[in-house]
Amino acid sequence: MTNRGVSLKDFVKTGESTADVTVKLRNRGADAYKKDLYGDYITVEQRISSDGSRSYKLKNKSGQLVSNKKEELISVLDHFNIQLDNPVSILSQEMSKQFLHSKNETDKYKFFMKATLLEQMKRDYIHIKHTETITRQQVERQEECLKDLKQEFLQKKERYESLSSFSDLKETLENLKKKMAWCLVRDKEQSIQQLKEEIRKEEKNKHEDNLKLCQSKLVQTEKRLQIIKKRTDSLREEQKSLKEDHLNFKQQAKITNKAHKEQELVYFRALNKLKQTEREQSLLQEKINKAKASERLNNSGETKRSKQQATLGDLKEQLAELQKKCLQLNEDIKNKHQALLKGKEERDKLRVEAKSVQFAYESKLKRKNQLLASRSNKLKRFGDHVPDLIAAINDACAAGHFIKKPIGPIGACISLKDPTLAVSVECCLRSFMKAFCCDNYKDESVLQGLMSRFYPKGNRPQIIVSPFSDKLYNVHGRFGAGAAVCFRFSAFWLTMRVDVWFQEKDKARRIMQKGRPPKNCREAFTAEGDQVFPNRYYTSEFSMAKYLSGDIETEINLLESELENLKAQLSRFQLQANSVTEDILSMENILNSTIKTLKKTQASENQVKAAISELETASEEHSDDFTSLVEVAQENQQKIEVEKQAVQEAKAELDKQRNTSEEADSNYSSVRDKIDQLLEEIEPLKDEQLKLETECVKHERNLKLLEKKLRTHEDNVQAMNSALSEKEQELQENVEKAKQISPERQHVTCSTKSIDTEITRLKKKLKVYESNHGEQEQVIREYAEALSLYKEKTNQVRDLRRFIDRLNNIMSDRQNRYKIMRRSLSVRCKLYFNNFLIKMNCCGSMIFDHNNETLSISVKPPGRDKDGASDMRSLSGGERSFSTVCFMLSLWEITESPFRCLDEFDVYMDMHNRRICLDLLLELSERQHLRQFIFITPLNTSNLPKTALIKIHHLRDPEREDGHTRDKAI
């Protein structure tokens with residue numbers, strides 16, 4: 001009743017096996033339930049076991065057992081309209097809280113419907129509608145059955161009307177039998193004729209001719225194959241013998257060719273030696289001729305020689321001056337070339353510096369644009385395409401493409417509690433600030449597809465695949481993260497590497513490089529982002545945070561000043577580069593002119609050298625010894641004669657070796673041509689042999705098939721002849737039988753099957769007639785019964801159809817009455833609720849919405865009239881309990897129940913509200929003294945009036961170990 005138990009076994013005391021609950025119901029008056037069986041009282045005993053099971057016993061007035069079935073108990077409850085689950089009958093404190101504190105107005109409406117039994121009526125109407133639909137379907141099925149019954153009735157009617165045609169049927173049956181006999185003879189004759197045609201066709205088949213033709217083809221093919229095989233064997237023998245000759249001639253040709261080449265080498269060496277000696281002889285002869293000419297001119301050329309010596313001295317002085325000038329020009333060119341290289345190096349250096357400044361300017365300008373865009377969208381810090389990518393990820397997630405939505409960029413999910421660590425955190429995470437996290441590899445492939453829309457290949461952000469978890473790593477309050485997944489990754493990346501942060505550089509150097517670093521610590525970071533290793537130190541490239549900085553405006557102002565400085569540097573570098581370029585062009589022009597002067601000087605020097613060489617050669621020619629030249633010429637002449645003889649001998653030997661080599665090559669070529677010719681003859685023979693072998697196999701296979709077909713053909717002809725003789729014998733027997741039935745042959749056009757069907761039908765008909773022959777009254781009686789049954793069923797279906805239509809009209813009327821009753825109960829409930837609240841100087845309202853099935857309740861305590869609509873939860877405990885009682889009293893006024901029960905209704909009331917509430921309850925119980933009221937309260941009841949209608953029961957203190965008790969009065 002208190003609705004505080006968990007299970008039935010909680011009612012069993014500790015140490016006991018069962019608990020018994022006994023309820024006695026009054027059973028008097030005109031509405032008594034089975035008065036002759038139970039008497040004036042019905043006792044209901046329920047036994048609860050320690051394992052949670054229970055059993056029922058229903059006893060009469062004298063204590064005798066009447067029933068122990070739950071169905072009987074349910075019948076008793078239905079008879080007395082006792083609804084244990086109806087809150088109007090029994091309202092626990094928890095149920096009161098539930099329906100008054102519920103936010104859902106639909107639940108309150110359902111509570112009202114259940115309390116007033118309107119919900120049960122609604123379910124009954126729905127059940128009746130469902131039953132009506134089922135009944136209508138059954139009537140339709142009965143109408144279908146009625147058609148079958150009508151068909152049966154018509155058949156019996158036909159039997160009744162056709163009693164007089166019995167003799168006509170017998171005569172028709174005899175005629176059909178005669179036709180059937182001669183029809184069988186006709187069919188047999190047709191089958192014999194068809195078989196004879198088949199035998200003639202089978203005999204006409206040319207299996208034997210095909211077999212002989214195939215055998216002749218096989219013999220011819222085998223003969224041709226033998227001829228080709230013999231020809232092929234002879235050619236192969238000849239080819240074998242030629243191969244031996246081919247090898248011998250090939251070896252001989254190699255030897256002769258080698259000897260020919262060696263002799264040819266000897267010949268050409270001798271010939272070259274002869275030509276060299278002849279050239280030397282011609283040179284000696286020229287020198288001798290010049291010596292003779294100079295002797296003749298010796299006397300007149302003395303004056304000319306002195307002039308040449310003077311000219312030679314002048315040319316040598318001029319040559320010395322030109323050489324000195326060339327050395328000076330070379331030195332100038334060298335110096336100018338070095339100056340030009342230095343100028344170009346300076347220009348290239350300026351260009352490189354200008355490019356680096358230009359790159360820095362563009363990157364900082366891009367960063368400035370990102371920061372300006374991040375005023376409205378912080379994601380712009382991580383790239384221009386990041387907001388579009390995030391939107392695409394959200395759309396794909398809404399479409400269900402991801403198992404779990406990816407998180408990123410990681411830097412956007414990190415917030416620092418200490419802003420001074422921003423630079424060091426970015427230096428530690430590096431490119432992972434722009435990375436994304438995925439739970440699985442399927443999501444990674446989908447994310448890669450989305451990134452390909454916004455990023456070129458090879459330039460997209462990194463993707464880390466790791467199962468998502470809500471677990472946060474403890475990093476001592478340094479970080480705050482917008483997403484547990486990204487925080488988990490960041491903490492994992494920073495802590496699993498056991499990196500350490502230092503605020504001061506000196507402290508970082510002292511601990512990491514001079515002292516003992518923490519265990520497993522490989523590196524540390526300072527607040528400026530510097531990296532500290534045990535054996536080295538790296539200064540950070542960044543002076544301020546790029547992604548985690550909080551003051552955007554300061555960074556924008558700093559970037560603007562840096563951009564102005566870079567722009568000024570860029571213009572300065574441009575001016576310097578232009579100045580250096582102009583100097584380089586002027587130096588190149590001077591260098592080119594100097595090179596041209598040098599080339600002219602060198603040309604003059606070469607001319608002077610040539611003149612000096614010519615004059616010196618002319619003077620040397622006169623000093624040659626004429627006699628020695630003659631002796632050398634004679635020795636060369638003798639040597640030429642000897643070498644000519646050696647050349648002739650080498651040529652004769654070469655001609656001999658050439659003839660031998662040509663003869664060997666001719667023999668080798670002729671043998672090789674013969675072998676090639678034999679191969680050309682053998683190849684077609686091989687193809688022909690293979691083709692004939694294939695034909696032989698094909699003819700042999702066809703021969704076997706034809707022999708098999710011939711044997712099958714002979715067997716078929718023999719079997720068909722035997723079958724023909726048997727059928728002819730059967731035909732003779734059928735003719736004899738047909739003559740016995742009908743001596744004259746009948747002309748039949750129908751088929752055997754149709755005649756047989758007609759005979760079977762007539763036999764069945766005659767069998768029915770024969771069974772009824774002489775019992776005409778039975779046929780008449782069956783016809784009368786079928787007619788009566790058909791009419792009865794027709795009337796039943798018609799009556800059911802009328803009943804369903806009438807039920808439909810009644811249900812429509814009851815639905816209207818149900819709505820009127822629901823409206824009436826709701827109006828009465830509102831009036832009673834307002835009357836009970838007025839006694840407490842309160843006002844309230846109840847609004848029913850039957851279309852949407854909602855109920856809204858509002859209560860205004862005294863002194864809060866100026867406030868708006870007040871929810872029940874805004875009331876105090878006593879006011880809420882009093883409102884609960886008022887609502888229950890209003891429901892009691894409009895419902896019927898043999899008893900009422902309230903549990904701890906006055907727990908939260910003050911004494912004034914409790915007094916008013918008790919007066920209302922007692923007043924109602926006096927008005928409805930035929931009903932039983934049960935009120936459970938833990939408060940004092942001594943102030944209640946002493947009347948015969950009120951009984952107070954005090955419960956004994958419960959047995960508890962701690963000795964504390966709680967009074968409860970009923």
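Figure legend. Inter-residue proximity from region 775-797: first residues under 16 Å from Leu146 (Cα atoms), second residues of a type in the set (Phe, Trp, Tyr) and modelled with pLDDT of 75 or more, beta-carbon distance below 9 Å, spacing 6+ or different chains. Indicated pairs: Ala786/Phe153; Leu787/Phe153; Leu789/Phe153; Tyr790/Phe153. Just so you know, in region 435-462 the residues that are more than 17 Å from Ala391 (Cα to Cα) and of a type outside the set (Gly, Ala, Ser) include one that is most open to solvent (accessible area, probe 1.4 Å), and it is Lys457. Tell me yes or no: at least one residue of region 394-401 is within 32 Å of the chain's Cα centre (by Cα), closer than 13 Å to Tyr547 by Cα and either modelled with pLDDT of 75 or more or open to solvent by 20 Å² or more (accessible area, probe 1.4 Å) (or both). No, every residue in region 394-401 fails to be within 32 Å of the chain's Cα centre (by Cα), closer than 13 Å to Tyr547 by Cα and either modelled with pLDDT of 75 or more or open to solvent by 20 Å² or more (accessible area, probe 1.4 Å) (or both).
Report, by residue number, each residue of region 359-411 that is touching a helix residue (DSSP H, G or I) at 6+ places or on another chain (Cβ under 6 Å) and of a type in the set (S, T, N, Q). Hits for region 359-411 are Gln370, Ser374, Asn377. At pLDDT 80 or above, surrounded by 13 or more Cβ atoms within 10 Å (Cβ to Cβ) and either of a type outside the set (S, T, N, Q) or in a loop (DSSP other than H, G, I, E, B) (or both): does that describe Cys427? Spelling it out, it is not the case that Cys427 is at pLDDT 80 or above, surrounded by 13 or more Cβ atoms within 10 Å (Cβ to Cβ) and either of a type outside the set (S, T, N, Q) or in a loop (DSSP other than H, G, I, E, B) (or both). Of the residues making up region 370-393, those that are modelled with pLDDT of 85 or more and open to solvent by 20 Å² or more (accessible area, probe 1.4 Å) are Pro387, Asp388, Ile390, Ala391. Would it be correct to say that Glu16 is more than 18 Å from Leu930 (Cβ to Cβ), of a type in the set (D, E, K, R) and open to solvent by less than 70 Å² (accessible area, probe 1.4 Å)? No. The lone criterion from (1) of a type in the set (Phe, Trp, Tyr); (2) touching a Leu at 6+ places or on another chain (Cβ under 6 Å); (3) modelled with pLDDT under 75 left unmet by Phe573 is number (3). Consider Gly449 carefully, then state whether it is over 30 Å from Thr539 (Cβ atoms) and part of a loop (DSSP other than H, G, I, E, B). Here the answer is no, as Gly449 does not meet what is asked.
Considering Arg478, Arg488, Arg497, which residue is in contact with a Ser or Thr (Cβ under 8 Å, 6 or more places away or on another chain) and at pLDDT below 70? Write out each step before concluding.
On the way: Arg478 fails: in contact with a Ser or Thr (Cβ under 8 Å, 6 or more places away or on another chain); Arg497 fails: in contact with a Ser or Thr (Cβ under 8 Å, 6 or more places away or on another chain).
Sole residue among the options that is in contact with a Ser or Thr (Cβ under 8 Å, 6 or more places away or on another chain) and at pLDDT below 70: Arg488.
Considering the conditions (1) modelled with pLDDT under 80; (2) within 30 Å of Thr256 (Cβ to Cβ); (3) among the acidic types (Asp, Glu), Asp625 is excluded by exactly one of them, (2).
If you go through region 21-51 and keep only what is farther than 15 Å from Leu73 by Cβ, in a loop (DSSP other than H, G, I, E, B) and open to solvent by 30 Å² or more (accessible area, probe 1.4 Å), you end up with Arg28, Gly29, Ala30, Asp31, Asp40, Ser50, Asp51. Listed conditions (1) under 29 Å from Gly411 (Cβ atoms); (2) open to solvent by less than 50 Å² (accessible area, probe 1.4 Å) are all met by Lys366, apart from (2). Annotation note: Cβ proximity below 7 Å between a residue of region 141-158 that is within 20 Å of Arg798 (Cβ to Cβ) and a residue that is aliphatic (A, V, I, L, M) (sequence gap 6+ or interchain) occurs for Gln142/Val797; Glu143/Val797; Leu146/Val797; Leu149/Leu789; Glu152/Ala786; Phe153/Ala786; Phe153/Leu787. When Ser165, Ser216, Ser191 are checked against the criterion of being among the hydroxyl-bearing types (Ser, Thr, Tyr), modelled with pLDDT under 75, open to solvent by less than 70 Å² (accessible area, probe 1.4 Å) and part of a helix (DSSP H, G or I), a single residue qualifies: Ser165.
Pairs meeting the criteria (first residue in region 437-458 and closer than 18 Å to Asp395 by Cβ, second residue open to solvent by 70 Å² or more (accessible area, probe 1.4 Å) and in a loop (DSSP other than H, G, I, E, B), beta carbons under 7 Å, at least 6 apart or on different chains) are Lys442/Ile403; Asp443/Ile403; Asp443/Lys404; Val446/His401; Met451/Arg460; Phe454/His385; Tyr455/His385.
Can you pull out the residues in region 248-266 that are of a type in the set (A, V, I, L, M) and either touching a Phe, Trp or Tyr at 6+ places or on another chain (Cβ under 6 Å) or within 18 Å of Ser669 (Cβ to Cβ) (or both)?
Ala253, Ile255
Taken together, Asn248, Asn257 contain a single residue that is within 30 Å of Gln645 (Cβ to Cβ) and assigned to a helix (DSSP H, G or I), which is Asn257.
Suppose we filter region 408-424 for residues that are touching an Asp or Glu at 6+ places or on another chain (Cβ under 9 Å) and surrounded by 21 or more Cβ atoms within 10 Å (Cβ to Cβ); how many remain? Step through it out loud before you land on a result.
Keep residues of region 408-424 that are touching an Asp or Glu at 6+ places or on another chain (Cβ under 9 Å), which gives 411, 419, 423-424.
Cutting the leftovers down to surrounded by 21 or more Cβ atoms within 10 Å (Cβ to Cβ) gives us 411, 423-424.
The total comes to 3.
Residue-wise test of (1) crowded, with 16+ Cβ neighbours inside 10 Å; (2) at pLDDT below 80; (3) not polar (S, T, N, Q).
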position: Gln309; (1), (2), (3): no, yes, no
position: Glu331; (1), (2), (3): no, no, yes
position: Asn335; (1), (2), (3): no, no, no
position: Lys355; (1), (2), (3): no, no, yes
position: Phe359; (1), (2), (3): no, no, yes
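Kindly indicate whether Glu635 is without any contact (Cβ under 8 Å) to a residue 12 or more places away in the chain and under 30 Å from Ile192 (Cα atoms). The answer is no for Glu635. Set side by side, the residues Arg236, Arg269 differ, and just one is over 25 Å from Glu662 (Cα atoms) and modelled with pLDDT under 85, which is Arg236. For Lys691, the stated conditions do not hold, so it cannot be described as in a helix (DSSP H, G or I), of a type outside the set (Ser, Thr, Tyr), open to solvent by 70 Å² or more (accessible area, probe 1.4 Å) and in contact (Cβ under 8 Å) with a residue 40 or more places away in the chain. Checked against the criterion of being farther than 22 Å from Glu264 by Cα and surrounded by fewer than 16 Cβ atoms within 10 Å (Cβ to Cβ), the candidates Glu707, Glu663, Glu641, Glu649 yield just one match: Glu707. Scanning region 752-792 for residues that are farther than 16 Å from Leu173 by Cβ, open to solvent by 60 Å² or more (accessible area, probe 1.4 Å) and modelled with pLDDT of 75 or more yields a total of 7. Would you mind stating whether Arg367 is touching a Leu at 6+ places or on another chain (Cβ under 7 Å) and closer than 28 Å to Leu558 by Cα? Yes, satisfied. Consider region 194-213 and keep the residues that are at pLDDT 80 or above and among the aliphatic types (A, V, I, L, M). The one that is least open to solvent (accessible area, probe 1.4 Å) is Leu195.
The values are calculated or read from the model by the stated rules, or taken from the named source; none is laboratory data. This structure is a prediction, so every number in the text was calculated from the model and none was measured. Neighbour counts are summed over all protein chains in view; Cβ atoms, including those assigned to glycine, are modelled from backbone coordinates with ideal geometry. Ligands, DNA and RNA are stripped out before the accessible areas are found, and what is left, the full protein with its side chains, is counted by its heavy atoms. Shrake-Rupley method; radii C 1.70, N 1.55, O 1.52, S 1.80 Å.
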